[in-house]
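The values are calculated or read from the model by the stated rules, or taken from the named source; none is laboratory data. Since this is a predicted model, take the numbers as computed values, not measurements. All Cβ positions, glycine included, derive from the backbone under ideal geometry; neighbour counts span all protein chains shown. When the accessible area is computed, the model is the full protein with side chains, heavy atoms only, and any ligands, DNA or RNA have been set aside. Shrake-Rupley method; radii C 1.70, N 1.55, O 1.52, S 1.80 Å.
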Amino acid sequence: MKYDFSAIEAKWQKKWEEAKVFEATDDFSKPKFYGLIEFPYPSGAGMHVGHIKAYSGLEVISRKRRMQGYNVLFPIGFDAFGLPTENYAIKTGVHPRKVTDDNIEHFTAQLKRVGFSFDWSKVIDTTDENYYKWTQWIFLKMFENGLVFRDTALVNYCPSCKVVLSNEDSQGGKCDICKSDIVQKSKDVWYLRITKYADKLLSGLETVDYLPNIKMQQVNWIGKSTGAFVNFELKGIDEKLRIYTTRPDTLFGVTFMVMAPEHPILEKHQDKISNYADLAAYKDECAKKTEFERTQLIKDKTGVRVEGISAVNPITGKEIPIYISDYVMMGYGTGAIMAVPAHDERDYDFAKKFGIDIVEVIKGGDISKEAYTGNGEMVNSDFLNGLTDIKSSIAKMVEKLEEKGVGEAGVQYKMKDWAFNRQRYWGEPIPIVHCEHCGMVSVPYEELPLRLPEVKNFEPGEGGESPLAKIDSYVNCKCPKCQRDAKRETDTMPQWAGSSWYFLRYIDPKNSEKLADPEKLKYWMPVDWYNGGMEHVTRHMIYSRFWHKFLYDMGLVPTEEPYAKRTAQGLILGPDGDKMSKSKGNVVDPNDTVDRYGADVLRVYILFMGDYASAAPWSESSVKGCKRFLERVADLPGMVKGSGSTDGLESLFHKTVKKVTTDIEELKFNTAIASLMTLLNEIEAKGSLTKDELLVFIRLLSPFAPHICEEIWESEGGEGMIALAEWPTYDEAKTVDATVEIAVQFNGKVRGTVVIAKDATKEAVFEQVHSDERFAPFLDGKTVIKEIYVPGKIVNIVVK
RNA sequence: GCGGGCGUGGCGGAAUUGGCAGACGCGCCAGACUUAGGAUCUGGUGUCAAUCGACGUGGGGGUUCAAGUCCCUUCGCCCGCACCA
């Protein structure tokens with residue numbers, strides 16, 4: 001058969017679309033499979049080979065599951081709000097709507113050319129008002145339930161771009177866009193109280209099947225620690241200094257206190273602090289330090305002694321000095337610590353630099369040289385002396401603190417509340433009205449979606465305001481509660497918003513009454529398998545798990561967790577082995593490969609190139625190898641002879657069915673394809689195969705190379721389309737050969753092989769070995785010390 | 001610094017979990033064919049020795065009849081978190 005891939009691929013893509021073969025049905029009687037890939041941001045650059053790899057994994061699994069009789073939902077959509085589109089609009093004056101529509105059209109054409117089996121009837125676009133209506137709706141539900149609040153925060157601000165930047169966009173203290181210096185600016189910020197769900201987000205991980213490193217990253221991100229809060233009296237002012245510690249057992253070793261430079265107590269009691277000017281100067285200096293500088297100077301401790309006030313150890317009654325230092329941060333714990341230099345490296349460095357006492361309370365190290373952070377016997381600690389178990393020391397101290405009313409057990413999280421607004425145009429408008437009399441008021445549900453107004457230019461306003469703030473007709477409105485004049489919120493939601501619940505909307509994308517029909521949700525949720533990049537396993541996944549858990553608590557979704565299983569693919573590197581990037585000029589365009597070799601070759605190559613979860617460099621010549629493979633497959637129909645099974649191939653066919661079936665489920669696509677190549681080699685060596693065998697072969701190959709397999713299926717008179725043909729099954733008994741060739745070792749060295757019956761007894765095997773003259777030289781004149789036979793695997797004879 | 005992962009031919013990578021290391025593909029070598037192609041086909045291809053064989057999974061040591069796989073030690077890469085009290 002001539003392998004005219006472009007004609008074949010265009011033909012079948014059209015047929016699939018016409019026959020709607022990939023549309024999920026709401027037939028709740030069938031077993032379901034919901035496979036989810038991370039929907040793309042439709043950038044102007046078009047698709048990348050990395051997109052193809054990211055989607056190919058679940059593409060193959062979805063195609064296989066369909067053939068196995070599942071009702072498969074494998075949807076696609078576009079996460080289309082975001083900065084690049086907006087920046088492009090600012091530069092060119094083209095409306096973001098138009099840019100987005102063009103890019104989506106381009107992406108859609110590319111995705112269809114690769115032959116992905118997405119359900120295009122359920123495509124979603126986060127910037128569609130019928131979608132973001134529900135994003136706003138969920139936000140209002142959170143607002144009503146106390147999960148939304150407003151606070152001032154220091155933000156990274158670029159005075160040149162007039163834009164507030166995320167930490168990622170301001171690395172090294174320079175603006176990512178214009179490279180000018182970032183300044184810290186105080187701003188009103190919307191927050192989502194994700195920390196309220198910290199414990200649920202942590203415990204929920206025990207119920208899901210994520211790759212271990214993915215779970216680990218999430219646990220790390222949530223960062224739960226247990227310890228105690230302790231209140232220290234302050235001498236000189238009527239105020240207590242509250243600290244958090246994970247090691248209350250070391251309280252007898254506290255020789256100083258450290259507060260974050262921005263700690264509010266300092267400013268509040270500045271009249272009692274004799275060197276307040278010094279503290280203020282230090283604080284300013286720290287504010288100027290960028291994230292970069294702070295981490296670079298990690299070992300070099302700086303700080304200032306607070307004069308005029310001191311702290312009192314609540315257990316010993318001893319008076320101890322207070323310092324401020326930027327190694328203590330306002331954003332974690334209480335913004336103040338008790339310092340135990342003998343047993344904490346940071347406190348040790350600080351104490352050495354400032355000449356503060358170091359008191360050992362745990363034996364085992366040499367505190368004249370370094371801090372000792374290990375276990376040991378408690379000393380210099382009154383009622384704790386002699387204890388060796390940290391847990392019981394902590395318990396005893398906490399008990400004492402609670403008894404005296406100066407502290408209590410507590411937990412802390414690294415995870416912070418989610419800053420949920422951007423001063424940008426191309427995002428979901430936050431549906432809140434600010435009223436002088438009523439405060440913050442929800443936009444009524446019946447007024448959703450709150451649409452983005454038309455604006456003439458998308459540049460941010462002075463001081464980093466949203467472009468929406470310049471539109472009087474948008475800003476000025478009536479308070480929904482009291483009907484008096486009010487102002488509309490002009491910030492929009494961050495890009496993470498729309499992707500926090502999209503997997504729910506796919507289930508019922510056109511519903512105008514609800515975010516999705518509860519019956520459909522009950523059938524389709526949870527997502528059975530979610531695959532994507534490692535870069536999204538913390539933020540996106542945790543944010544979306546949080547939204548889902550909130551919706552579950554509202555009774556709006558049927559499962560506590562959105563994703564039952566999560567895996568991640570590895571990167572495709574450039575041919576030079578480096579990460580692909582425009583600046584390096586090593587980016588591979590999937591279109592080139594499709595043009596030259598066809599979509600089937602591209603698909604097979606991307607899954608054959610290596611372990612799916614690992615990074616692997618692109619190799620043009622290996623692509624050609626996959627082309628050769630499919631060309632040889634296209635020639636198989638010419639080799640068909642008879643029916644049933646070919647002598648000598650039956651067992652290999654059963655083995656291959658088994659291997660491909662199980663490998664696909666384990667994301668071992670490379671070895672699945674390799675086993676099909678091996679089978680093809682054997683078929684060619686035999687010179688023929690039966691029609692039944694051909695039909696098995698192409699069904700196994702069809703998830704990887706669907707177009708050519710449909711073509712052969714049709715030419716061989718297969719029933720219907722191969723996309724919905726029955727997945728081949730295997731007979732376990734037939735995967736085992738009647739005879740096996742096993743290695744014969746003498747003293748652990750292989751000296752030859754013998755062919756034996758698969759169920760031969762140990763005695764029979766050794767009789768055969770001993771009577772085989774090839775092995776005589778290794779036995780003559782030697783004493784057999786031990787004979788080992790591992791059934792079906794190996795013989796080892798130890799001789800002397 | 002802490003946490004996780006990895007290290008196998010010239011290259012991408014296999015290895016049923018302790019049982020013939022290098023499947024499959026690329027590349028390379030030799031040959032065939034030719035309608036001279038971004039071909040195709042056949043054979044070979046871990047290293048050294050070229051006869052038996054010896055050595056080989058970053059290095060060193062160990063357990064075992066048997067180690068890429070398990071243990072100890074050491075070196076080198078990659079990823080994540082990073083002054084989290």
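A few remarks follow.
- Both radii were evaluated on the Cα set of region A:374-430; the Rg over Rh quotient, with Rh as the Kirkwood radius, amounts to 1.42.
- Efficiency of FRET between A:Ala109 and A:Trp137 - r from beta-carbon atoms, R0 45 angstrom, step 0.05: 0.90
- Pairwise label distance in nanometres, A:Glu403 with A:Thr207, each label 7 Å out on the Cα-Cβ vector: 4.0
- Each other residue within a Cβ distance under 9 Å of A:Glu233 adds +1 if Lys or Arg and -1 if Asp or Glu, for a net charge of +1.
- On the beta carbon distance between A:Val799 and A:Lys758, with R0 = 22 Å, the FRET formula returns roughly 0.25.
- Principal semi-axes in Å for region A:244-387 [√(5λ), Cα gyration tensor, largest first]: 27, 18, 12
- Summed side-chain charge close to A:Thr492 - residues other than A:Thr492 whose Cβ falls under 11 Å, Lys, Arg +1, Asp, Glu -1: -2
- Taking label positions 7 Å along the Cα-Cβ direction at both A:Glu726 and A:Glu714, the computed distance is 2.4 nm, reported to one decimal.
- When the Cα convex hull of region A:331-422 is projected onto planes of every orientation, the mean area is 8.6 nm².
- Enclosed volume per residue, in Å³, of the convex hull spanned by Cα atoms of chain A: 239
- Distances between placed amide hydrogens fall under 5 Å for A:Val640 paired with A:Leu689, all partners being 5 or more residues away or on another chain.
- Cα gyration tensor, region A:609-666 - rounded (a/c under 1.5), prolate or oblate: oblate
- Relative contact order for chain A, counting Cα pairs under 8 Å that sit 6 or more residues apart, in percent: 14
- Estimated at 0.36 nm per residue, the fully extended path between A:Ser621 and A:Asp278 surpasses their Cα-Cα distance by 116.8 nm.
- Annotation: region A:314-363 has a Kirkwood hydrodynamic radius of 12.1 angstrom, from the mean reciprocal C-alpha pair distance.
- Most to least packed among A:534-546, A:215-227, A:330-342 [average Cβ atoms within 10 Å]: A:330-342, A:534-546, A:215-227
- Chain A, accessible area per residue, ligands and nucleic acids excluded (1.4 Å, Å²): 45
- Accessible surface of region A:573-704, 1.4 Å probe: 47 percent of it comes from carbon and sulfur atoms.
- Calculated [222 nm] ellipticity per residue, helices only, for chain A: -10500 deg cm²/dmol; basis is -39500 (n - 2.57) per DSSP H run with n ≥ 4, divided by all residues, nearest 500.
- Charge tally in the Cβ shell below 13 Å around A:Gly386, where Lys, Arg are +1 and Asp, Glu are -1, A:Gly386 excluded: -2
- Per-residue ³J(HN,Hα) for region A:547-562, Karplus 6.51 cos²θ - 1.76 cosθ + 1.60, θ = phi - 60°, Hz, x for Gly and Pro: 4, 5, 5, 5, 4, 5, 5, 7, x, 9, 10, x, 10, 6, 10, x
- Percent of beta bridges antiparallel (DSSP, chain A, rounded to nearest 5): 75
- Over 22 Å (Cα to Cα) - which of A:Lys272/A:Lys400; A:Lys15/A:Lys522; A:Lys32/A:Lys565; A:Lys196/A:Lys478 fall in this group: A:Lys272/A:Lys400; A:Lys15/A:Lys522; A:Lys196/A:Lys478
- Each label was represented as a point 7 Å from its Cα along the Cα-to-Cβ direction; for A:Glu560 and A:Glu459 these points are 5.3 nm apart.
- Peptide ranges A:620-627, A:582-589 listed from the most packed, as the mean C-beta count within 10 angstrom indicates: A:620-627, A:582-589
- Computed from the C-beta positions of A:Ser643 and A:Ala733, the FRET efficiency with R₀ = 25 Å rounds to 0.70.
- Percent breakdown of C-alpha pair distances by 5 Å bin, ordered from the shortest bin, for region A:539-654: 2, 9, 12, 12, 11, 9, 11, 11, 10, 7, 5, 2, 0
- Packing around the peptides A:56-63, A:742-749, A:503-510, taken as the average count of other Cβ atoms within 10 Å per residue, puts them in this order, highest first: A:56-63, A:503-510, A:742-749.
- Karplus-derived 3J(HN,Hα), 6.51/-1.76/1.60, for each residue of region A:25-42, Hz, glycine and proline x: 10, 8, 8, 6, 7, 8, x, 10, 9, 10, x, 10, 10, 5, 5, x, 8, x
- Annotation: for a label point projected 7 angstrom from Cα along Cα→Cβ of A:Lys352, residues of region A:230-266 with backbone N closer than 18 Å are A:255-256.
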